[in-house]
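K.L.:
The structure's right below; bear with me while I get my questions together.
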Amino acid sequence: MTSHDPVRFVAKNMRLDLALIAGMIAPGSRVLDIGCGDGTLIDQLFHTKGCDARGIEIDMAEATRAVAHGLPVMHGDADTDLAHYPDGAFDYVVLSRTLQAVERPRAVLAQMLRIGTRAVVSFPNFGHWLVRWQLLVTGRMPMTATWDRPWHETPNIHPCTIRDFFVLCQEEGYQVETWLAVDDAGRRGPWRRFPHLANMFGEQALFVLRRL
Amino acid sequence: MQTQTLARSRHRSYASRPMSPSDALTETVHTHVRFDEDLALECGAVLPRYTVAYRTYGTLNAARSNAILVCHALTGDQYAAEPHPITGKPGWWDQVVGPGRPVDTERYFVICANVLGGCMGSTGPRDARPDGSGPWGTDFPPVTIRDMVRAQKRLVDHLGIARLFAVMGGSMGGMQVLQWAALYPNAVFAALPIASAAYHSAQNIAFHEVGRQAIFADPDWQGGRYWQTGRIPARGLAVARMCAHITYLSEEALTRKFGRRLQGAPKDSSEAISLFGEMFEVESYLRHQGSTFVQRFDANSYLTITRAMDYFDLAADYEGDLANAFRGTRTRFLLVSFTSDWLFPTPGSRAIARSLNRAGANVSFVEIPSDKGHDAFLLDEPDFHRTLAGFLHGCAMHAGLPT
């Protein structure tokens, strides 16, 4: 599959970034999905890849829905509950579209790479051109399809750009094993070798990290 | 200690035979199995033989892989999913266990046993001492949750079941579930401690002590040898039940059910209510709970079992770290708590979930919104029932049970 092809393996009703993440996880792995919602990804990973996939979800109604679907999900908070897992308990620890909403993103990332061999992180890119344009032209906080709640109501208290994230990984000493950005239509961007362009046109980013 | 083969050949099973309700507690015969072998208790005492009374629902499959052990709470018994032989009331978990229920007896084989120390047919303070010198009474050894579980394990072995598909229960039943998972990890595929805790809190011990003191204060208790006069400490036991019952509810539930409504005093009542001429509905309700309880429960059993709960502190058996009880376990856990349960509040379940995380166990954990207090686990709570059914279904898939 070349980087220009639309993503074809999106399961029915499965969020695009979840499908991309599922594509990056090796069969039979031990996976922890933080902020797993109703457990779509762990369900997919168990059924299609035979993974031992578990989840943590902060929204009680979502966690209950997941358990009622027979999925191993516990109510918990990324900021406080990762500390209770032993070192190296998982092959992959997934944080999809949640990093920008946690209290202490650095600490959460550090915990992810303590309890897992790899961290898989997806987040909406605040460096997208439309966000920049709106702020520049209107002088007000951007409102886009991705950033769709007013500043005083958004749970996204720590937005970042793709370049910000590269800098953080460098500061923390994490190896970026692979990364990609997808555009508004869900296509993988052709900007793999040009982070500046990805940061301009990528709506979402997906990183796979390892400790150095 | 006798060999298993010898002991097994001496097992006798009897069918349940309901008796007239007047002396039902002493004369009802419960389905049971007697083990003519030692049971070494945690306290150091040894029961030279013991009886486990139990009921089963559904059919054990050919592979013997679909068995679920249901553990009852303090004042529950083995009649989980059928009318009670003494009270005639529906089984205490009728809404959870049965055909088409979350624990579907069309699919699973459900076992429920009366705990050691109980009064529904399993060995307890009402039984004769081994030397035949009358009932044990208060001399019955102080059994623990672990002793109860070991007696249940013997029953499960007797039924020819090497691995239980699930062990589940609420409150004290949840304590037994945790003890099962810690003691026999390979015999428990899934464990469901509901509205429970890994140790009994100081507040809960305190409430139990009020109940016990109420029993001791009843002149009819007679030092625990009340069988000698035939007068049971009904008032003391009823007050203990009333006190405990408050802890099973919540302020919202009491307000919703009774509020501050008054009702006229029953004319034929000889009780002190005539002092005021009228009573609050909540008082009437509690008195009813107290008076019906004494018909089906033995005071010395109440003392024994409340003590067993008080002693429970699973981590204490594992160097003070609950995670040590579960290291390396392959059992899948589901913990459930209820928002308005102040007797076994959510932090207790969350602490267990975190210990299980530290042990690397597979754990699901949710808190169900309910205003029904601790009793919610016994009542109609659709979210709870969906959670149970879904969790068991998922486990059945992982266990390779036919769907």
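Throughout, read-outs are computed from the coordinates displayed, never taken from laboratory work. Just so it is clear, the structure is predicted and the values come from calculations on it, not from any experiment. Cβ atoms come from the backbone with ideal geometry, glycine included; neighbour counts cover every protein chain shown.
K.L.:
Only Cα pairs under 8 Å and at least 6 apart count here; give the relative contact order of chain A as a rounded whole percent.
P.N.:
19
K.L.:
Something else: Counting alpha carbon pairs within less than 8 Å and at least 6 residues apart, what relative contact order, in whole percent, applies to chain B?
P.N.:
In percent, rounded to a whole number, it is 16.
K.L.:
Write down the radius of gyration of segment A:76-188 and its Dmax, each obtained from C-alpha positions, in Å.
P.N.:
Considering segment A:76-188 through its Cα atoms, Rg and Dmax are 15.3, 49 Å.
K.L.:
Same structure, new question: Arrange A:Glu153, B:Glu281, A:Glu62, A:Glu103 by Cβ neighbour counts within 10 Å, fewest through most, would you?
P.N.:
Least to most surrounded, the residues fall as A:Glu153, A:Glu103, B:Glu281, A:Glu62.
K.L.:
Based only on other Cβ atoms within 10 Å, what is the fewest-to-most ordering of B:Thr292, B:Thr31?
P.N.:
Ranking B:Thr292, B:Thr31 by Cβ neighbours within 10 Å, fewest first, gives B:Thr292, B:Thr31.
K.L.:
Taking the square root of 5 times each eigenvalue of the Cα gyration tensor, what semi-axes in Å does the equivalent ellipsoid of the protein assembly as shown have, largest first?
P.N.:
54, 28, 20
K.L.:
Does segment B:204-305 classify as rounded, prolate or oblate by the C-alpha gyration tensor (a ≥ b ≥ c root eigenvalues; a/c under 1.5 gives rounded; else a/b over b/c gives prolate, otherwise oblate)?
P.N.:
oblate
K.L.:
Assuming a ≥ b ≥ c are the square roots of the Cα gyration tensor eigenvalues, decide whether segment B:230-376 counts as rounded (a/c under 1.5), prolate (otherwise, with a/b larger than b/c) or oblate.
P.N.:
Oblate shape, in that a/c is at least 1.5 and b/c is the bigger or equal ratio.
K.L.:
Additional query: Quick one: of the DSSP bridges fully inside the protein assembly as shown, what percent are antiparallel, nearest 5?
P.N.:
DSSP beta bridges in the protein assembly as shown are roughly 45 percent antiparallel.
K.L.:
Arranged from highest to lowest average of other beta-carbon atoms within 10 Å per residue, in what order do the peptides A:65-72, B:168-175 appear?
P.N.:
Ranked from most to least packed, the peptides come out as B:168-175, A:65-72.
K.L.:
Is the shape of chain B best called rounded, prolate or oblate, per the rule: a/c under 1.5 gives rounded, else a/b larger than b/c gives prolate, else oblate, with a ≥ b ≥ c the square roots of the Cα gyration tensor eigenvalues?
P.N.:
oblate
K.L.:
Mind sorting B:Leu183, B:Leu155, B:Leu164 by how few other Cβ atoms lie within 10 Å of their own Cβ, fewest first?
P.N.:
Taking fewest neighbouring Cβ atoms as first place, the list is B:Leu183, B:Leu155, B:Leu164.
K.L.:
Let me ask you something else. What is the antiparallel percent of DSSP beta bridges lying wholly in segment A:79-206, to the nearest 5?
P.N.:
The antiparallel proportion sits near 50 percent.
K.L.:
On to the next question. In deg cm²/dmol and to the nearest 500, what is the mean residue ellipticity at 222 nm of chain B if only DSSP H runs of at least 4 residues count, each as -39500 (n - 2.57), divided by the residue total?
P.N.:
After summing the helix terms and dividing by the residues of chain B, the value is -10500 deg cm²/dmol.
K.L.:
Same structure again: Using +1 on the beta carbon of Lys and Arg, -1 on that of Asp and Glu, and nothing else charged, what's the dipole of the protein assembly as shown about the Cα centre, debye to 20?
P.N.:
1280
K.L.:
Give me the one-decimal nm value for the distance between modelled label points at A:His158 and A:Asp87, 7 Å along each residue's Cα-to-Cβ direction.
P.N.:
It is 2.3 nm.
K.L.:
If you don't mind, another one. Under a crude label model (7 Å from the Cα following the beta-carbon direction), how far is B:Val210 from A:Thr178 in nanometres?
P.N.:
Rounded to a tenth, the inter-label distance reads 6.2 nm.
K.L.:
Right, here's the next one. Partner chain Cβ atoms within 10 Å, averaged over the residues of A:71-82 - can you pull that number for me?
P.N.:
5
K.L.:
Hey, rough spin-label estimate for A:Val137 and A:Arg210, points 7 angstrom out along Cα→Cβ, what's it come to in nanometres?
P.N.:
Computed distance between label sites A:Val137 and A:Arg210 equals 4.4 nm.
K.L.:
Follow-up. Treating cross-link reach as a plain straight distance, find the aspartates and glutamates whose alpha-carbon is under 13 Å from the alpha-carbon of B:Lys89, omitting any fewer than eight places away in the same chain.
P.N.:
B:Asp77
K.L.:
With contacts defined as alpha carbon pairs under 8 Å and 6 or more residues apart, what's the relative contact order of segment B:204-305 in percent?
P.N.:
Relative contact order for segment B:204-305 comes out at 29 percent.
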